[in-house]
Structure formats: C-alpha cells, structure tokens
Amino acid sequence: MSKTEPPQALGAARDAKAVMLGGGAFQAMLALVGAGGVAVLALMSSKAAEPLGLTLLAVLASIGVFFLFGLAAQHIRFFQPSSAADVLQAMVEASDTGLQITDESGRVLHVNRAFRELVGSNDLGEPNTLEAVFAGETEGAEALFRLTRASERGEQHSENLVLGGENARTPPRCFRLAVKPIEVPGAATEWGRLTLWQLADVTEERVREAQALAAVEARLWHYDELPIGLLVAGGDGRISYVNDRLAEWLDLAPDACARGFNLSDLVSDDGAALLASLTSGPQDEARRIDLDLISDDGRRWPATLLVVARGGALIIAVLERAEEERSGRAARSAEVRFSRFFQSAPFGIAMVDSNGRIVSANAAFARLLLDGAAQRGANVIELLARGAGDIRKNVERALAAALEGKANIPPFDIEVEAKDRVFTRQVYMTSLVRPGAAGEAAILYVIDVTDQKALELKVAQGQKMEAVGTLAGGIAHDFNNVLTAIIGFSDLLLQTHKPADPAFKNIVSIKSSANRAAGLVSQLLAFSRRQTLQPKVLQLGDVLTDLSVLLNRLLGEKIELKIVSGRDLWLVKADRTQLEQVMINLAVNARDAMLPKGGRLTIRTRNVAERESQKLEGEGVTRGEYVLIEVEDTGAGMTAEVMAKVFEPFFTTKAVGKGTGLGLATVYGIVKQTGGYIIPASVPGEGTTFRVYLPRHLAEGDDDVPDAKPHKPEPPRDLTGTGRVLLVEDEEAVRRFAVQALRSKGYDVLEASDGIEALEVMKANANRVDIVVSDVIMPEMDGPTLLKELRKINPKLKFIFVSGYPDEAFKNNLDPDSEYAFLPKPYSLAQIAAAVKEQLGR
C-alpha cells in the first residue's frame, strides 16, 4: 500500500456560489455603513450640499435593499455551514472502526483516525500498511492474501487476525479485517473500482467470549466420567472443549482443541452449518439431531446430538446410537436411520404439510436455495417460485399433484439468483400420504444442476459449431478447387495479354474477385479449424507493438487505442499472421460497436498461472499456464441472446451489406486451432471484453527463440526450371491449369487423374520422374497411399501434396519420418512453380 493521497471527492467541498462573511467582515461592513451615515448627515447640514446628500441617501437606500434581498435569498451569509462532504468526513473520522479506501490498483486514497491508531505509523509519520502490520505471521499473510483476492474480485470478505502471543513481548490482540466494494458517483472513471477496508480491534469481545466458554467448560469438567460425550463450540464453529468419553469414541488426539478444531472436522459441512445456525436461534432450548460424526481416521460414527444454544455457544451432548440400539431403546430405529440420511444428505430435503408449508428441512436445503428462511413454516410456492411466470406454474402444478397423492410427478428446474450469477436447481416432489391425510404430505428433493446445465449448453453449442464447421470445411474444399482453376487460368491469360490490351483489366478483375472469394473460403476453413498454420514462437508484446500502427489506422480518430503490456510475458507458439488477423478482427468489431460516438479500445496482456486457470474450468478451459490477451471496448455491448450466437458463421448484427458474419467465427477457429480459448463478456450499454487465453510455450533449446518482425516479401525471382514432373489431380480444370503452368516454366509434365493411373504412368516411364505433385483426396487411391507405394520403388522421390485441407488432416496416415512438401489450395501459377523449383533444388 502506498502513501495516502486523499482524493478531491473525499475532501471538504466548498460552495463557490455563496458569499461567506465571517465576524471580521461583518464588523468592517458596519463601520463602512456608519461612516457613510455620518458623511450623509454632515452633507445634509449644508444647503449647498443638499442635492448631493439626497443622491447619496438614495444610493445607500438601494444598497440596503439589495443587502436585505441577498440575506433573504441566502446569497449573503454571516456564517459558513458545513457541506455534505464535511459532514461525511467528520463521521468517518469519528468512527471507532478503522477505515481505509483503496482504488483498483491497491493505492490508498484515504484512512481515518481510528485506522491510523490501530496500525501505527512508520518513521516518516505515515500510517503503516496492512502488509507491514499483519504479514509478518503466517496466518496473517494468508488472511491478507485471501482478502486481497476478494478485493480484486469485487467481493465482500472478512478475516480474524491475531497479533502477538506466547513468543511475543506484548499480549495477543485480535482484529477483524474486512473488505467491501463501494461505489462513489463519478469515481469509477477516475480511480476504477473502490474498496473499503474495515479494521476493528475485537480483543475485548474475544476475551468475553472466552470467559463465557470457560465458565461453561468449568461446569462440564465434573461430567467426564458420564457415559455420554460432551463438547462446547463457539458461534464460529471452533470447538473449545471435548470430554474424555467423546475423545475416546472418536479417537481424538489429546491436543485436538489446542491445535484448532472445528465442527466441520467432526461432521459434514452442511451438518456444521446446521449446528452453527442454532446459535442465533432460541436460547437454552434443547434440540435432538441425528448426525453421523467423523472419527479421527475418517470413519462415520452414528450419533444422536442434544444441542443447547447458550450465550453464543453450543453445548452438545453426544449419545452413542449403536449402544442405544443394543440396549433396547431403539424403538424409533427407523426414524433414526431416516434422520441420519436426512441431515447428512448432500442434497436438499424438505418435508411439506398439506398447506404447502415446510415442516422440516435439512441444512443442504437452505444452502441450495441461498435463503436462511428456507426452514419450518416457509411457503413452498413462494420459496421456490419467487415471483410469477412458468416456474410458479410448475411449482403449483407439482404441489397440487403431490397433495392429491399422485405418483411420477415430473421434476422441474428453478433459478436461484445470487449477487453475481444465477444457479439452477432441479426439484423433485414426491407424495407421502393418501389424499386427505393430515401431517406431512410431500417431500422435496433439491439438486444443484448449475454445472450440468452449463455443460449441456456448451456441449450442444459445441456440437452445433462442429457440425457447421464440418459443413463449412467441406464447402471450402470444393470451392478451393474451383478457385484454383479460376485464379490459375487468369494467370495464364495475363501472361499472353499486355496491360494495354482491352481484356487485361477484365482478367485482373476476375482474378481479384477470385482472390476475394479465396479469402472468404480461408475464413470458413479458419472457423472449421482446417486451415494450414505455420506456428512460430512469439513474444506477444512485440507482436502488439508492431501491430499498433495498423490498428490505429483501422480505428480512426474517434477511437483511442491503449495497449497495456504485462511484465515478463511468457512465450506462445502461434501463427503470427493468423494471430494478427485475430487482433484485427476483434479491433474492427470493437470499432463498429463504438461508432459514430467513439470511445476507447484497451488491449491488455498478462500471464495467467495454473492456479488462476482453475477458476476457468467452468468455462471449459483446461488447467494450465496461459498468456491472456484482453480486448476491451466502451461500445454498445451485447445482450445474452447475441452473445450466445456471436461465434456462429454468418451471424451478424450489422446492416445488410455491412459485414459477412465471419469475423468472430474466424477468430474462434484460429484461437481453438492454436490450442487456446476465447471467452466473451459484455454488459449492454457499457462495452464488451474478449479474453483470449493462449497456452504458454516452454522453450526447448537455443533455436527456440521468439520470431522477429514479419518477414518482408521476397523480390521476384526466376521460376523456370527443368525436370520431369508427375501431376496427379482428379479435378480436370485444376489439372489442366497446373500442367500448362509447369510446362510454361520449362518442365516436362506427366499427368494422371488418380493414384492408380499415377502408378501406371510411373511404370510406363520406367520410374524416371524427378518429383510428384499430387492431390490428397482422390478416388480409387488417395495421395498418402500413393506416396507409400512410390516410396517403395524410389525412397528418395520428392513429393508435394496439394489440398484444400491442412496437412494435419492427413499426416496421421503417413509414417512419422515421411518427407514431403505441402501447397495449400487455391494456388497461383507462381506459387506452384516456386514450390516445384524449391523442392527440386534441395
């Protein structure tokens, strides 16, 4: 925490519109008026000065009237009232609780008097930081870490911390430290999210609690020899006393209480929550609860608990249920077994009477409904439906069926809203008695299906995207064959037409349109994750720095670009061109969302440790180390309906003709093919953030270094050559173009329409072929099978595969040590000629 810097919003505001007159100013004004009166009287005594005196008298009268009106309108005051900010600051300073306000970066904005007194001061007279006070002890450091993480997430959280102790010179002091997000109008843009830290000395409170518990424990020491177990627990669940009998039954260590022992160590978490909730209920009233305790070796130990709440503590008598059953006092054994199941079940259970009200409920029921009122007497319909609509109808229909004694009542889902998310619970309702019977009429079972529903949505969305991707990939492959022929024959025509020819411009237009279509097909392949990538080791900071000039030009003058690069970013391995395409597409989408008003586009990068990635498992992110790219805009934002379809191809919210709907689909495909994840978040009216998680790349050698700036295009070079080429292609138009292209560059070209024909051509030419250029997918015999057969005859035969699919789609069908080159479709005359010449020159 840095030096305190009180913001203007928290200082004393001054009213600049009113004129404040203190005591000195008031006396000066009276003296001035008195002097004026004397002067007027002196002048009036002379007849010569009578006109001048009357004039002055009129002026003074006007000033007096103006002065009276100023007082009435409160524009002139003789005192200085306190503003709202002054009152607020005075209240903060008078508080006995230490208060500290920090901004989003952790910078201290304000501390009050109580906080300064609790933490003390350093050598410079500044308040000590919380780290300096509490981080010196292990528990304090851990508590501060949890509080800081809660502050970063904008959540409320509190911790109890202890300073001093047995080995310290000062007696122990207990503190309660809490964090809470606060909202100050106008502060969000200047300081970001603000956090209120509350520090209180609760030593006396703890001493009083300890004294009360000690008094209770002192009375219990005399009962160690009784054949029952006894324990005492505080409201926080901490156990302070266990008698010898219970320690023997549960195999507890003698120092169990001394080393920190809680109710959650003896019963399940829901059971501990149920017991702790009794401290705020009726005092000195015994309640009987059947729960399974947990012994020191982890075994369940059936018990009956008699619980009495007294003075914020719980006095619990433990009866050994097995002994109770053996001694013949188990007439209610069936009830006991049900009670054990009822209280220890990890799902919610509630009994409902014929009036639709809860008779009893276990702790899990209240926990799953996030409502402490989910107890005896609560109305089931109001508790589950919480409003009108289809959910209410489902609850009413199920309850009516249960009260009528019907069986096989269909389950229904309800939504439970928390502070920052919505949970889904599935409710089963079963009838217990015949129609018209009194008492318990139905039983409710509540199961948490939030993760299941989210997973179902993700699987359904993934299957839909996979199906669309497969279709898009298949269409793209067929289009690539057509586009290869169009682009190729355009290149052949351009060789025979000079720029002055009338047809030259038309041919160029044909080729330009074909290249544009090839770009759309490339986007489809990117979405279906079937494009050819050339991954290299990259440093994202360098990539964004090089790309910033282009992004600024794309965004225009109305949009501010801000790049915040994290320190010591890890390396990633990705196709630089495709990664730049991702950033460009996200930036263009953000620009369109912010125009015509304008705004700010912020791109942040930072490392994401494995521990942090665990929180993203619900989003489908595999645990690991990642480098995060956040692209945040201040545009119009997206609704939940739009976000559900944002990555679907051809889906767009833009006007007709303004977009293809392939931008974000392309981004999704590139990120997924790179092994990363992309997660959108948006608030309508506030903006959208896309978070791209790219897996960290660990360097394996000296050659595994980050790629430098993009390579500049090579100057034109001679593509002519000599040699015999076998061209294998099942598409006739593509084959004719490729044959003409290679022959125009000086090669002797043999052609075949599939693998079987290619073997026959090789045999007819006595295997005297220098290189084979083959399509991958062909009838009869495909390209990989042809390569295997030809390598049996000539292991050193050079080979080039051409395909509209990436080489990953077929490399698994080849031997790992197979050597070949790859040329993606569509290709131009220059590209196929360059590929053949490069391979022949190796």
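The values are calculated or read from the model by the stated rules, or taken from the named source; none is laboratory data. The structure displayed is predicted, hence computed values, not measured ones. Backbone-built Cβ (ideal geometry, glycine too); neighbour counts: all protein chains shown. These accessible areas exclude ligands, DNA and RNA; they are computed on the full protein's heavy atoms, side chains included. Shrake-Rupley method; radii C 1.70, N 1.55, O 1.52, S 1.80 Å.
Please give the solvent-accessible surface of K562 in Å², to the nearest 10, using a probe radius of 1.4 Å with every protein chain present.
In the full protein context, K562 sits at about 100 Å².
Which sequence of E285, E760 reflects their accessible areas, 1.4 Å probe, from the largest down? The partial results should precede the final answer.
Numbers: E285 95, E760 115 Å².
Solvent-accessible surface, decreasing: E760, E285.
Cβ neighbours within 10 Å, averaged per peptide: list 153-160, 440-447 in order, most packed at the top.
Descending packing order for the listed peptides: 440-447, 153-160.
Just the accessible area for R606, please: 1.4 Å probe, Å², rounded to the nearest 10?
In the full protein context, R606 sits at about 90 Å².
Working with all protein chains in place, sort R310, R516 by solvent-accessible area computed with a 1.4 Å probe, largest first.
Accessible-area ranking of R310, R516, largest first: R516, R310.
Starting from 0.36 nm per residue, how many nanometres of slack lie between R567 and R299 once their C-alpha separation is accounted for?
Details: separation 268, 0.36 × 268 = 96.48 nm, distance 4.93 nm.
Roughly 91.6 nm would be gained on extension.
Sticking with the crude label model, points 7 Å out along Cα→Cβ, report the distance from I679 to D413 in nm, one decimal please.
2.1 nm
What nm value, rounded to one decimal, do you get for the distance between V459 and Q614 when each label is placed 7 Å out toward the C-beta?
2.6 nm
With each pseudo-label sitting 7 Å past Cα toward Cβ, what's the A766-V422 distance in nm, one decimal?
About 7.9 nm separates the two model spin labels.
Considering only protein heavy atoms, with the full assembly of protein chains and a 1.4 angstrom probe, order M91, M583 by accessible area, largest first. Before the final figure, lay out the partial values.
Details: M91 125, M583 5 Å².
The ranking, largest first, comes out as M91, M583.
Hey, can you rank 776-788, 297-309, 493-505 by average C-beta count inside 10 Å, highest first? Before the final figure, lay out each step's value.
Details: 776-788: 18.8, 297-309: 16.4, 493-505: 11.5.
The most tightly packed comes first, giving 776-788, 297-309, 493-505.
Evaluate E = 1/(1 + (r/R0)^6) for F145 and D451, where r is the Cβ-Cβ distance and R0 equals 25 Å; express this FRET efficiency to the nearest 0.05.
On the way: r = 27 Å, r/R0 = 1.06.
It comes out at approximately 0.40.
Expected output is a single nm value to one decimal: the length gained when fully extending between L471 and E137, i.e. 0.36 nm times separation in residues minus the C-alpha distance. What is it?
Numbers: separation 334, 0.36 × 334 = 120.24 nm, distance 6.06 nm.
Here the answer is 114.2 nm.
Between E93 and E557, what FRET efficiency comes out of the Förster formula 1/(1 + (r/R0)^6) with R0 = 51 Å and r the beta carbon distance, rounded to 0.05?
Details: r = 47 Å, r/R0 = 0.92.
Working from the Cβ atoms, E equals 0.60.
Given K745/K798; K672/K811; K558/K615, which pairs have Cα atoms separated by over 26 Å? Could the numbers behind the result be given before it?
On the way: K745/K798 19 Å; K672/K811 19 Å; K558/K615 37 Å.
Table pairs above 26 Å Cα-Cα are K558/K615.
Under the 0.36 nm per residue contour assumption, what length would be gained going from the current alpha-carbon distance of T722 and A400 to full extension? Write down the numbers at each step before the final one.
On the way: separation 322, 0.36 × 322 = 115.92 nm, distance 8.83 nm.
That works out to 107.1 nm of additional length.
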